[in-house]
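Only one structure is covered here, and it is reproduced in the block below.
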Amino acid sequence: MKYFIDFEATQFSGEIISIGCVDETGRQFYTLLKPAKMRNITEFILELTHIGEEEIAAAPTADEAFCAFLDWLDDTKTADFYCYGDSDALFLSRTRRHLKSFRAQLGLSMIYGGLHDYSVDVKKHFLLKTSIALKKVVAYYRGAPVDQTHNSLDDALFLKEVYDRSHGKEPEECPFPEYQTGANLPKIKKLIKAVKGNVRLEFTSYGKAADWVMSEQFSVGDTVNDKTKSKVCSRIVNAAEKERPYCGFEWSVENPPNTILR
């Protein structure tokens, strides 16, 4: 049985606050989760997901939610889980440390052990140089722009739609030439953008963006080394690819204009 799954999580600790899943037959599962520490829920996440703080405070614990998810699964068939991007695996790992129930640990481990990042398949399917946001692919198939509400069930349904329309099929032509691979394509540097309200920043590399995050966003005493910088770069890449916030900013990657600001 194929399951298409997505999570929303806290901004910095990466603890899951909602699970959205749909199986190949169309059955749906959705629940909010109360994090181990409510103070980890920032105003930015509340505004982004349109989930109220009272809703999260009254939600099931992670133990209760993953036990309910385990009960919902069809235990008569082997489960294969599909996500979009590698952030979901990180969210599962961050949440697992808070689980106390064996059944909840079993439910989470089933997802984690059988998780497949379908963004890699989409990248190969369209012969893309870099991963592409899920909503862009959905918009292509629907022939119209789509809104991404950062609701985990909506994103799971988006993923199932993309899987159903792309798996085992070949596109007539690549509809995303700006992402396409090929020896004749010019090699260009990327412009990494960070936006929060009226604040707009631009960086000429992920390394420079990571340097800024570490200098401006990290607290005194936080570990800052090459390993830390590599992790920050990866999180910026993931944030841009999945169009999810990181450190309170929305990230994107574009071709640089003639004048570089940073």
Specify which labelled value, from (1) 30, 26, 16; (2) 35, 20, 17; (3) 33, 21, 20, agrees with semi-axes √(5λ) of the Cα gyration tensor in Å derived from the coordinates of the model shown.
-> (1)
Equivalent ellipsoid semi-axes, the range 1-151, via Cα gyration tensor eigenvalues times 5, rooted, Å = 25, 20, 14
Mind telling me which of Val199, Val146, Val22 comes out most flexible in a GNM of the chain, alpha-carbon contacts under 10 Å?
-> Val199
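Quick check: from the Cα gyration tensor, does the range 69-127 come out rounded (a/c under 1.5), prolate or oblate?
oblate
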Counting sequence-distant residues (5 or more places) and residues on other chains, those with an amide H built under 5 Å from that of Tyr3 are Asp80, Phe81, Tyr82
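Report relative contact order for the chain in percent, whole number only (criteria: Cα-Cα under 8 Å, sequence separation at least 6).
19
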Net dipole in debye of the range 191-254 [+1 Lys, Arg Cβ; -1 Asp, Glu Cβ; about Cα centre; nearest 20] | 120
Could you tell me what percent of the DSSP beta bridges with both partners in the range 2-166 are antiparallel, to the nearest 5?
-> 65
Hey, in the GNM for the chain with a 10 angstrom Cα cutoff, which one of Tyr163, Tyr179, Tyr30 fluctuates hardest?
-> Tyr179
Tell me the trypsin sites (Lys or Arg not before Pro) within the range 74-135 that lie in a loop according to DSSP and have at most 15 other beta-carbon atoms within 10 Å.
-> Lys77, Arg97, Lys100, Lys129
Note to self: C-alpha centroids of the range 91-164 and the range 28-66 sit apart, in Å, by 19
Go ahead and set up a Gaussian network model of the chain, Cα springs under 10 Å, then flag whichever of Lys190, Lys34, Lys160 fluctuates most.
-> Lys190
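Computed from the coordinates by the stated procedures, all read-outs in this text should not be read as laboratory data. Model, not experiment: these values are computed from the prediction. A quick note on method: Cβ atoms are made from the backbone with ideal geometry, for glycine too, and the neighbour counts reach across all protein chains shown.
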